[in-house]
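The values are calculated or read from the model by the stated rules, or taken from the named source; none is laboratory data. Here the structure is a predicted model, which means the values were calculated and not measured. Cβ placement follows ideal geometry from the backbone for every residue including glycine, while neighbour counts extend to all protein chains displayed. The accessibility values were calculated without ligands, DNA or RNA, using every heavy atom of the protein model including side chains. Shrake-Rupley method; radii C 1.70, N 1.55, O 1.52, S 1.80 Å.
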Amino acid sequence: MRAVGLHEDVIAVTSRVYATACVLVRHEAEAFCIDSPVFPDELEILPAIASQAGFTVVGLLTTHADWDHLLGRYSFPEVPLGAAESSAARLVNEPGRAQLRLREFDDEFYVQRPGPLSLPGPQRLDVPGYIDVGSASIELHPADGHTADGMAVWIPWARVLVAGDYLSPVEIPMISEGGSVWAYLATLRRLEPLVEQAEWVVPGHGGPIDATRALAILREDRAYLEALPDASLPLARRTQAQKDIHAKNLARR
Ligand SMILES: [Zn+2]
């Protein structure tokens, strides 16, 4: 797992699996943990990374309700989870789904957890909207299309965009169950002006990237989606795993 300081108030953590992103954001005495790493040792060390940097985590946020972004309660079991209204609805409508997908992953890779994933009902956040962190606010922007739910988080004073599962340097646009090409393109349109102002963009998978690279990925992703079903994969993302995602996109379109 890699942890990188993007700003004195922002730490980006990248999991060893799927290069899944977790972002710690602080203002004054309060910090939030957005999304999560995946492996138990990564989740176990996260509180120490936060406290050594002087981040007091008072809340968890999730960019969307896919299981690999929901594991923060293993690190911070006492703090509440906030999610977009759309993600909270998914968690209610798909009870046990995240736990099931986590169990499938753990079974495949022989991963042992200290216990089952507990996900008490999240606090529902209005998106678009704001949440206070210390005396500052972070902005929540709708980000659906990958799935039916989701939000991106803009940290204005650090100019960091936590994008959720968009703008990934390692993964092509993935239209999962509930998602749609149309909604995905609308999200890219909403994210574009934020990317243009960003110092760093942290996609859900692939590690932090600068705005220039994120803009290039945004354009590639838009071109890919607009060219479906005949789209060719972006040059840097043509692995077998990405071809498999492409085949699923074609089936779901
Ligand atoms: Zn994901």
A student applying the Cα gyration tensor rule (rounded when a/c is under 1.5; otherwise prolate if a/b is larger than b/c, oblate if not) would label the range 73-130 prolate
Heavy atoms only, probe 1.4 angstrom, no DNA, RNA or ligands counted: give me W154, W200, W182 ranked by accessible area, highest first.
W182, W200, W154
What accessible surface, in Å², does a 1.4 Å probe find on R26, ignoring ligands, DNA and RNA and rounding to the nearest 10?
40 Å²
Could you give the length gained on full extension between A231 and N93, defined as 0.36 nm per residue of separation minus the Cα-Cα distance, in nm?
46.4 nm
Report for the chain the percent antiparallel among DSSP-assigned beta bridges with both residues inside it, nearest 5.
70 percent
Roughly how many Å² is the accessible area per residue of the chain, as a whole number, for a 1.4 Å probe?
44 Å²
If you count only protein heavy atoms and use a 1.4 Å probe, how large is the accessible surface of E8, to the nearest 10 Å²?
140 Å²
Compute the distance from the alpha-carbon center of the range 1-47 to that of the range 203-233, in whole Å.
23 Å
GluC sites (Glu not before Pro), restricted to the range 10-81: which are DSSP loop and have at most 10 other Cβ atoms within 10 Å?
E78
What is the antiparallel percent of DSSP beta bridges lying wholly in the range 1-134, to the nearest 5?
60 percent
Please identify the GluC sites (Glu not before Pro) of the range 165-253 that satisfy two criteria: DSSP loop assignment and at most 12 other Cβ atoms within 10 Å. Which are they?
E177
DSSP bridge pairs, the range 108-232: antiparallel proportion in percent, nearest 5
80 percent
Between E85 and Q123, how many nm apart are label points set 7 Å from Cα along the C-beta direction?
1.7 nm
Which percent of the accessible heavy-atom area of the range 90-144 goes to carbon and sulfur, probe 1.4 angstrom?
49 percent
When a/c is below 1.5 the answer is rounded, else prolate if a/b is larger than b/c, else oblate, so apply that to the range 1-152 with a ≥ b ≥ c taken from the square roots of the Cα gyration tensor eigenvalues.
oblate
May I ask you to derive the relative contact order of the range 95-253, considering only C-alpha pairs under 8 Å and at least 6 residues apart, and to give it as an integer percent?
18 percent
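Which whole-number percent gives the relative contact order of the range 89-154, counting Cα pairs below 8 Å spaced six or more residues apart?
This gives 19 percent for the range 89-154.
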How far, in nm, would the chain grow between E8 and A53 when pulled straight, counting 0.36 nm per residue and subtracting the alpha carbon separation?
15.3 nm
Between A216 and V111, with labels modelled 7 Å along Cα→Cβ, what's the label distance in nm to one decimal, could you check?
3.1 nm
